[in-house]
Amino acid sequence: MTNDQSELTDPIFPADFLWGAATAAYQIEGSAAEDGRAPSIWDTFCRTPGKVRNGDTGDVACDHYRRVTEDVKLMAELGLRSYRFSLSWPRIQPGGSGPANQAGLDFYSRLVDDLHEHGIEPWVTLYHWDLPQALEDAGGWPARETADRFAEYAELAVGALGDRVRYWTTLNEPWCSAFLGYGSGVHAPGRSDGADAVRAGHHLMLGHGLAAQAIRASRPNLEVGVTLNLYAISPLTGSPADADAARRIDGLANRFFLDPILRGEYPADVVADLRDVTDFAHVRDEDLAVISTPLSVLGVNYYSRYVVGAPPEGEEPGPHWRKPSTWPGSEHVTFGDRGLPVTDMNWEIDAPGMVEVLTRVHREYPELPLYVTENGSAFIDEVVDGEVHDADRLAYFDSHLRACHEAIASGVPLRGYFAWSLMDNFEWAWGYSKRFGMVYVDYETQARIPKSSAKWYAAVIRNNGLVAQ
Ligand code: IFM
């Protein structure tokens, strides 16, 4: 970031900048068996002993399915211009194929109407990790047919909501679905096989392309995109070995998805790195053209940076070694840090990394409008006299919004920002132990308490620019 802080005092954003907050279905809805919803891979995973901290599940979560009206009111009070939420596939199409479950569609239809009534632009994500269990039983994302099922589900969703929802994101963070779900197995469905992870990544992208085409065929004027979790990457030292390790992780974390989706090709170095893992025989000639179906927007989720190196010769795996299964083909990579302050996830707070990611994507890939579809931080919160003063989270938002402003000032077509998350919620394998919300959720009473960061964010939106902390 620039050192000239005077330029960054009270930055004002473009007049039409879209200010929002994001959530995901399994993380907030609860009512897991209500109105015909069937289990997803996360329902199953949560019931597998030892997989989720404290044995937490999404059965109740924030009880949003039943409290949706009051939650939309809260969004309106905060002045949100847009709300990004995901549709639960197993609510809409419980078995993952066949006709829609009308009760599931009705829930989202009412939500969309309510948002419009409050002047809030709905932004739909089709897939935020909750694959119907029936499809996992049939092979999951490593199976090619899952991509076809996803496109059919997209068609049902856009048929029901496409008249009122302009923004459609196909997938949220396919890296997590593929590499955490099928590689290291720390996410549902908890499988651990490098080749399956790579196949899953491919079929997720194929599903994305087919779904994008289905949405466009149904309604050509909609804004269609995908959301990737992108990382700033730095080598631990200036050594060639560390540079190569950084290249590998940039390949698997960023370019594995960016290149096929935006350029219609896999990066040659990544294919070479993975040669002992897979021969890519699952990729058919016609796939890349589908995967690179032109998009209207790209969603970027940014949280932190990877600092990557090659471990010194002969060194035993240390605390920073990532299981090779998370990073297939990267057995010789280790992760470090820069000694910066960290969040409660132990992720370094690195706002300049966000400028790097946004400018890099703008520079290296076709000119696409960008949206930060997630950015935020977990910290330990305390309720004192009915209030939550989350100064650390507020400072995180402030520094990252300054980063967004800097990117815009340097010419990046960044059109909006969604805070992660509107409210505390189920943080996957961490259960309810990590709080990312701007709104505190008391899981005993389901009371919502806007934290200081929420009140500050509301003022930022009113001002269309940063305000004093
Ligand atoms: O909670 C998750 C979200 O579901 C996807 N992106 C990262 C967030 C924080 O880990």
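Per residue of the stretch 232-247, what does 6.51 cos²θ - 1.76 cosθ + 1.60 with θ = phi - 60° give for ³J(HN,Hα)? Whole Hz please, x for Gly and Pro, Karplus curve as stated.
Coupling constants for the stretch 232-247: 6, 10, 9, x, 4, 9, x, 6, x, 5, 5, 4, 5, 4, 5, 4 Hz.
So for the chain, averaging the separation of alpha carbon pairs under 8 Å that are six or more residues apart and normalising by length, what relative contact order in percent results? Don't jump to the answer; show the numbers that get you there.
Numbers: 984 pairs, mean separation 84.1, N = 469.
With pairs under 8 Å counted, the relative contact order is 18 percent.
Please report Rg (one decimal) and Dmax (integer) in Å for the Cα set of the chain.
21.0, 63
Sequence gap at least 6, Cα distance under 8 Å: using those rules, report the relative contact order of the stretch 327-469 to the nearest whole percent.
Details: 194 pairs, mean separation 33.4, N = 143.
Reported as a whole number, the value is 23 percent.
Kindly put Phe426, Phe107 in sequence by how many other C-beta atoms sit within 10 Å of each C-beta, fewest to most. Mind showing how you got there, number by number?
Values: Phe426 25, Phe107 22.
The fewest-first ordering by Cβ neighbours comes to Phe107, Phe426.
By counting other Cβ atoms within 10 Å of each Cβ, how are Arg275, Arg360 ranked from fewest to most?
Numbers: Arg275 10, Arg360 17.
So the ranking, lowest neighbour count to highest, is Arg275, Arg360.
Can you tell me the dipole magnitude for the chain around its Cα centre, using point charges on the Cβ only (Lys, Arg +1; Asp, Glu -1), in Debye to the nearest 20? Intermediate values should be presented prior to the final figure.
Values: 40 positive and 67 negative charges, 123 e Å.
In debye, rounded to 20, the chain gives about 580.
Over the stretch 1-137, what is the mean sequence separation of C-alpha contacts under 8 Å (at least six apart), divided by residue count, expressed as relative contact order in percent?
Numbers: 206 pairs, mean separation 43.0, N = 137.
Once normalised by length, the contact order is 31 percent.
Please report the Cα spread of the stretch 248-396 along all three principal axes, rounded to whole Å, starting with the longest.
62, 48, 25
Got a sec? Charge dipole of the stretch 266-424, +1 on Cβ for Lys and Arg, -1 for Asp and Glu; which of Val342, Tyr306, Leu295 is way out at the positive end?
Positive-end residue among those listed: Leu295.
Looking at the chain only, what percent of DSSP beta bridges run antiparallel? Nearest 5 please. Don't jump to the answer; show the numbers that get you there.
On the way: 12 of 50 bridges.
Bridges in the chain that DSSP calls antiparallel: roughly 25 percent.
Can you give the calculated 222 nm mean residue ellipticity of the chain, where each DSSP H run of n ≥ 4 adds -39,500 (n - 2.57) and the sum is split over every residue, rounded to the nearest 500 deg cm²/dmol?
Using -39500 (n - 2.57) per qualifying helix, the result is -11000 deg cm²/dmol.
Under a 5 Å amide H to amide H cut-off, with H placed in plane at 1.01 Å, what residues pair with Lys434 once short-range neighbours are removed?
It is Glu427, by chain and number.
Ranked by Cβ crowding within 10 angstrom, fewest neighbours first, how are Lys434, Lys451, Lys323 ordered? Kindly include the intermediate steps, with their values, before the conclusion.
Details: Lys434 20, Lys451 25, Lys323 13.
Fewest to most other Cβ atoms nearby, the residues stand as Lys323, Lys434, Lys451.
Quick one, can you get me the convex hull of the C-alpha atoms of the stretch 3-107 expressed as volume per residue in Å³?
Working: hull volume 19.1 nm³, N = 105.
Expressed per residue, the convex hull around the Cα atoms of the stretch 3-107 is 182 Å³.
Karplus couplings for the stretch 134-141 from phi (6.51 cos²θ - 1.76 cosθ + 1.60, θ = phi - 60°), rounded to Hz, Gly and Pro as x?
After applying 6.51 cos²θ - 1.76 cosθ + 1.60, I find 4, 6, 5, 4, 8, x, x, 5 Hz.
We did not get these values from a lab; they are worked out from the coordinates using the rules stated. A quick note: this is a predicted structure, and the numbers were derived from the prediction, not measured. Here the Cβ is made from the backbone with ideal geometry for all residues, glycine too, and neighbour counts use every protein chain on show.
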